[in-house]
Amino acid sequence: MSRIGKLPISIPKGTEITVQKNVINVKGPKGQLSRTIDPDITVAIEDGHVIVKRPSEQKKHKALHGLYRALINNMLIGVSTGFKTTQEVVGVGFKVAAQGQVLDITLGFSHTIIFELPKEIKATATTEKGKAPTLVLESHDKELLGMVASKLRSLRKPDVYKGKGVRYAGEQLRIKPGKAAAGSGASK
């Protein structure tokens, strides 16, 4: 049995979940989400818990069992408490500003980048003196939030020599030594 798949999911207060054939709808204070699951997997709601069951011990069913349990759990957490990710924009002259659903990002290119966010995501940009500008993204959809955060990071990935770029808060970079640290092999 799948270790993750067999765990029951408790339904948070103020959250509704409905299962119709192979479509799961979750509604809560932060919003609502819907997901279509594989018809082989069965989802049941029993006394305040969601139980995910699989029909057989096939490798495919084992994989889907744990996957759908995790996805349903993320949906329930998202609509009740929500998800948040923080990114830092590190570099001299690098800036980020949020005006509603539009981000204005300066990353050292010859132009500023205008990035439009999906309506499900709320952004907050802060700049403190002596620190790198930070961007906080919040949403009830974990999958969408991760995709947008990844897209923002891909605009200017952290440089392995100087550390400049867009990175997740707390992300550890292995900075490579430059040419000067390679040794003094000057030609004579």
Practice item. Provide the net charge surrounding Glu171, with neighbours chosen by a C-beta distance below 12 Å and charges set as Lys +1, Arg +1, Asp -1, Glu -1. Key: +3
Review point. Where does the Debye-calculated log10 I(q)/I(0) of segment 6-54 sit at q = 0.13, 0.19, 0.32 Å⁻¹, using only Cα point scatterers of equal weight, no solvent?
Key: -0.29, -0.62, -1.31
Point to revise | Helix axis angle, 59-80 relative to the chain longest principal axis, alpha carbon, degrees | key: 80 degrees
Point to revise | Cα gyration tensor, segment 84-188 - rounded (a/c under 1.5), prolate or oblate | key: prolate
Check your understanding: Around Glu16, with a cut-off of 14 angstrom between Cβ atoms, what is the net charge of the other residues, counting Lys and Arg +1 and Asp and Glu -1?
Key -> +3
Check your understanding: Between Gln172 and Thr42, what is the label-to-label distance in nm when each label sits 7 Å out along the Cα-to-Cβ direction?
Key -> 4.6 nm
Practice item. For each pair in Lys27/Lys59; Lys59/Lys142; Lys6/Lys59, compute the distance between the two Cα atoms and list the pairs where it is over 20 Å. Key: Lys27/Lys59; Lys59/Lys142
Exercise for review: Please give, to one decimal in nm, the separation of the simple spin-label points placed at Val19 and Glu116, each 7 Å out from Cα toward the Cβ.
Suggested key: 3.9 nm
Check your understanding: Cα convex hull of the chain: mean projected area in nm², to one decimal?
Key -> 16.8 nm²
Practice item. Under 20 Å Cα to Cα from Lys164, which lysines show up? Leave out anything in the same chain fewer than 8 places away. Key: Lys95, Lys129, Lys131, Lys151, Lys176, Lys179
**Study point:** Theoretical ellipticity at 222 nm over the chain - DSSP helices of four or more residues, -39500 (n - 2.57) apiece, nearest 500
**Key:** -6500 deg cm²/dmol
Exercise for review: Name the aspartates and glutamates eligible as straight-distance cross-link partners of Lys119: C-alpha to C-alpha under 17 Å, and not fewer than 8 places from it in the same chain.
Suggested key: Asp104, Glu138, Asp141, Glu143
Point to revise | For the chain, size of Cβ-based charge dipole, Lys and Arg +1, Asp and Glu -1, in debye | key: 840 debye
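Every read-out reported here was derived from the displayed coordinates using simple, explicitly stated rules and does not represent laboratory data. Since the structure is predicted, the reported quantities are computational estimates derived from the model, not experimental observations. Glycine also receives a Cβ, built like all others from the backbone with ideal geometry; neighbour counts cover every protein chain displayed.
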